[in-house]
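First the structure, in the form of structure tokens, and then the observations on it.
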């Protein structure tokens, strides 16, 4: 653990867990041995991080989020309060399926809304947004905005997390905050070079 990480006295960070410089672990959280948390992260009150979890730099994990074995967060991921990750598709109390954990990957800059549920084995694309309360059962494209049960794409979001506005040409999308332009190419949103 870095000397420069801040851990609330009520939190438990087991020996062997790695916390990057500037990371803060709030009240009643638990980080297990083997977990790796990057620099400048925030683990909100009541969060749990299992031993094989990897969290990149600059991530914000809000209150009451549990990250179980098999979960990887790339840099600058935001997890809303009480969002849920699973790691076994067919759990049974009487049957151990520890060897059946399925990995879940949340790519750089993605946002998961409050109370959303991610069924294990999915990848959330770069800068994608999963709406509050959504249930994600399949992969989410880069920059996609998904909502509902099960989650479906209802739009696109830019790097700033704001829904994009379709231009009159029907092919180009624009960020109302940054004025960045995007285009759908082969079903995927691609940011266009400025200039």
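The values are calculated or read from the model by the stated rules, or taken from the named source; none is laboratory data. This structure is a prediction, so every number in the text was calculated from the model and none was measured. Backbone-built Cβ (ideal geometry, glycine too); neighbour counts: all protein chains shown.
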Among the candidates 102, 171, 167, residue that is out of contact with any helix residue (DSSP H, G or I) (no Cβ under 9 Å at 6 or more places or on another chain), closer than 26 Å to residue 62 by Cα and at pLDDT below 95
102
Are any residues in the stretch 42-64 in a strand (DSSP E or B) and more than 18 Å from residue 104 (Cβ to Cβ), and if so, which ones?
42
Which count do you get for residues in the stretch 150-169 that are more than 19 Å from residue 105 (Cα to Cα) and in a loop (DSSP other than H, G, I, E, B)?
7
Taking the stretch 22-41 and keeping residues crowded, with 18+ Cβ neighbours inside 10 Å and in a strand (DSSP E or B) leaves 25, 30, 31, 37
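Please pick out the residue among 92, 108 that is over 12 Å from the mean Cα position of the chain (by Cα), surrounded by fewer than 20 Cβ atoms within 10 Å (Cβ to Cβ) and either farther than 23 Å from residue 158 by Cα or at pLDDT 95 or above (or both).
Working: 108 fails: over 12 Å from the mean Cα position of the chain (by Cα).
Result: 92 is the single residue among 92, 108 that is over 12 Å from the mean Cα position of the chain (by Cα), surrounded by fewer than 20 Cβ atoms within 10 Å (Cβ to Cβ) and either farther than 23 Å from residue 158 by Cα or at pLDDT 95 or above (or both).
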With the requirement that a residue be surrounded by 16 or more Cβ atoms within 10 Å (Cβ to Cβ) and part of a loop (DSSP other than H, G, I, E, B), what does the stretch 95-105 give you?
101
In the stretch 125-149, anything more than 19 Å from residue 82 (Cβ to Cβ), in contact with a strand residue (DSSP E or B) (Cβ under 7 Å, 6 or more places away or on another chain) and not in a strand (DSSP E or B) is listed as 125, 127, 128, 139, 141, 142, 143
Exactly one of (1) in contact with a strand residue (DSSP E or B) (Cβ under 6 Å, 6 or more places away or on another chain); (2) closer than 26 Å to residue 157 by Cβ; (3) crowded, with 18+ Cβ neighbours inside 10 Å is unmet by residue 11. Its number?
(2)
How many residues does the stretch 155-187 hold that are loosely packed, with under 13 Cβ neighbours inside 10 Å and closer than 15 Å to residue 128 by Cβ?
1
